[in-house]
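**Student:** Once you've had a glance at the structure underneath, I'll fire off some questions.
Bear in mind these aren't lab numbers, they're just calculated from the coordinates by the rules spelled out. Computed from a predicted model, the values in this text were never measured in an experiment. Backbone-built Cβ (ideal geometry, glycine too); neighbour counts: all protein chains shown.
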Amino acid sequence: MIVLRHCQSEFNRLFTATRRDPGISDPSLSAHGHEQAQELVARLRGEDIRRIVVSPYRRALQTAAPLARTLGITPIVEPLVRERVAFSCDEGSSPSQLALEWPDLDFSGLSEGWWSESPEPQHVVEDRAALFRTAIGALPQARHTLVVSHWCFLLALVGESMENGTWRRLDDRVLHGMD
């Protein structure tokens with residue numbers, strides 16, 4: 001399985017410059033983030049990706065879109081891989097809003113307030129990561145899956161901090177929690 005942290009969002013751009021929460025809920029990618037997402041197409045094209053699992057936040061959906069289009073894959077929206085709620089950017093958008101922007105994706109599995117309450121305890125994120133690891137590890141084509149997620153969730157899943165727009169292939173030891 002390949003895990004990918006979403007590309008730079010407007011929140012990331014502003015927070016990095018000021019170290020203050022800019023108050024943007026469910027931000028879109030920045031101009032640089034859109035460039036990163038396009039560059040990922042060339043970098044991931046040869047990785048034999050057959051399934052894309054994506055967080056319901058805009059920044060993750062926008063990160064996945066160019067590669068999904070190129071590969072002819074319809075991403076699977078999975079709220080388990082969402083970010084830990086700690087900042088304004090971690091408040092999501094309603095399924096009806098998201099469906100207007102991405103009419104080809106299925107948001108029917110999301111409740112209106114699908115994101116977690118703030119602040120979300122770290123152990124809850126770790127529990128979600130363990131649940132996801134078990135679910136994805138049981139799939140026959142897990143090795144051909146790309147998961148587009150967020151910093152805190154990926155830290156809980158793989159035990160490693162990842163920068164915006166970076167990806168990593170997980171081996172079976174990490175996938176089954178033995179790393």
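**Student:** As a check on your grasp of the helix formula, calculate [θ] at 222 nm for the chain: sum -39500 (n - 2.57) over DSSP H runs of n ≥ 4, divide by the residue count, round to the nearest 500.
**Tutor:** Values: 7 runs with 72 residues, N = 179.
Rounded to the nearest 500, the figure is -12000 deg cm²/dmol.
**Student:** 7 Å from Cα along Cα→Cβ at both Glu91 and His123: what's the point-to-point distance in nm?
**Tutor:** 2.8 nm
**Student:** Taking the Cβ of Gly72 as the center, what net charge do the other residues with Cβ under 13 Å away carry, scoring Lys and Arg +1 and Asp and Glu -1?
**Tutor:** Working: positive: Arg45, Arg50, Arg51, Arg69; negative: Asp104.
Net charge around Gly72: +3.
**Student:** Show me the ranking of peptides 23-36, 111-124 by mean Cβ neighbours inside 10 Å, starting with the highest. Walk me through the numbers on the way to the answer.
**Tutor:** Numbers: 23-36: 17.6, 111-124: 13.1.
The peptides rank, most packed first, as 23-36, 111-124.
**Student:** Between the range 1-40 and the range 119-137, how many Å separate their Cα centres?
**Tutor:** The distance from the Cα centre of the range 1-40 to that of the range 119-137 comes to 23 Å.
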